[in-house]
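Working notes for the structure below.
The values are calculated or read from the model by the stated rules, or taken from the named source; none is laboratory data. Worth saying up front: this structure is predicted, and the values here are computed from it rather than measured. When we count neighbours, we look across all protein chains shown, and the Cβ atoms used for this are built from the backbone with ideal geometry, even at glycine. Surface accessibility is based on the protein's heavy atoms, side chains included, excluding ligands, DNA and RNA. Shrake-Rupley method; radii C 1.70, N 1.55, O 1.52, S 1.80 Å.
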Amino acid sequence: MTTKERKKLYCYVDETGQDAGSKIFVVVTVASLEDQEKIRQALLEIEDAAGTGHRKWHKSRPARRLRYIRDIVEKNLCAGDIYFGIYEKPLPYFFPFIEVLEQAIKSKELARFEARIFVDGIDRQKARELTNALRLRGISLQAVMSRRDESEPLIRLADMWAGCIRAAHEGSAEEARIIDQALEARRVWIVTEAPQKRKTP
């Protein structure tokens, strides 16, 4: 099968934990083969119902962002397409991106697809470096591209999951329940988790 004949696997990536106050770094990839416009419309409807609008996790009110995540889970939106890794800091910046993307793409039967990867706010130099690193891992992809959360609901979805996962890992009981339920139902997949145990709520 040639590159032109391959189906497109769309991957949207965001992270949390670069701030000095965090001991962990969380990367989330949404890896989807579905109709992208259909997903975007569904996400916009959930954002409107939850009241989060185009805001990211840390800029949304707690009740609204929890409503958003609960709606995502209840409606099975992108169920099975969410992959994440939790890493202890410090660590090389690109390692988590490479690992989570590689595992997400390979889980979708790599040989059949060409990946289209969009990373929140990545600059051109880092995009080239990430593209080359993934190609060295045997992944077929177009050049990694930047996509801002303000214009892409699927990047905001990755951000919301990242925020929820971080909050759960840091001891928030409600977020922990959501993550545990999503993992049990296989709506999300964990690539790796920091050796330290989750804080007890």
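Reported count of residues in segment 6-49, each being of a type outside the set (Asp, Glu), under 21 Å from VAL73 (Cβ atoms) and either in contact (Cβ under 8 Å) with a residue 60 or more places away in the chain or open to solvent by 10 Å² or more (accessible area, probe 1.4 Å) (or both), is 22. Checking the structure you have, find out if any residue of segment 38-45 is more than 18 Å from VAL119 (Cα to Cα) and assigned to a loop (DSSP other than H, G, I, E, B). Within segment 38-45, not a single residue is more than 18 Å from VAL119 (Cα to Cα) and assigned to a loop (DSSP other than H, G, I, E, B).
Restricting to segment 117-127, give me the number of residues that are more than 14 Å from the chain's Cα centre (by Cα) and open to solvent by less than 30 Å² (accessible area, probe 1.4 Å). Residues meeting the conditions: 2.
Conditions tested, residue by residue: (1) within 20 Å of TYR83 (Cβ to Cβ); (2) crowded, with 20+ Cβ neighbours inside 10 Å; (3) touching a residue at least 60 places away in the same chain (Cβ under 8 Å); (4) not basic (Lys, Arg).
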{"site": "ALA115", "(1), (2), (3), (4)": "yes, yes, yes, yes"}
{"site": "GLU129", "(1), (2), (3), (4)": "no, no, no, yes"}
{"site": "ARG148", "(1), (2), (3), (4)": "no, no, no, no"}
{"site": "CYS164", "(1), (2), (3), (4)": "yes, yes, yes, yes"}
{"site": "ALA176", "(1), (2), (3), (4)": "yes, yes, no, yes"}
{"site": "ILE179", "(1), (2), (3), (4)": "yes, yes, no, yes"}
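Would you pick out the residues in segment 79-109 that are out of contact with any Ser or Thr (no Cβ under 6 Å at 6 or more places or on another chain) and open to solvent by less than 40 Å² (accessible area, probe 1.4 Å)? Quick ask: steps written out before the conclusion?
Taking segment 79-109 as the starting set, the residues that turn out to be out of contact with any Ser or Thr (no Cβ under 6 Å at 6 or more places or on another chain) are 79-80, 82, 84, 86-99, 102-103, 105-109.
Once the filter is applied, which keeps residues that are out of contact with any Ser or Thr (no Cβ under 6 Å at 6 or more places or on another chain) and open to solvent by less than 40 Å² (accessible area, probe 1.4 Å), segment 79-109 yields GLY80, ILE82, PHE84, ILE86, TYR87, PHE94, PRO96, PHE97, ILE98, GLU102, ILE105, LYS108.
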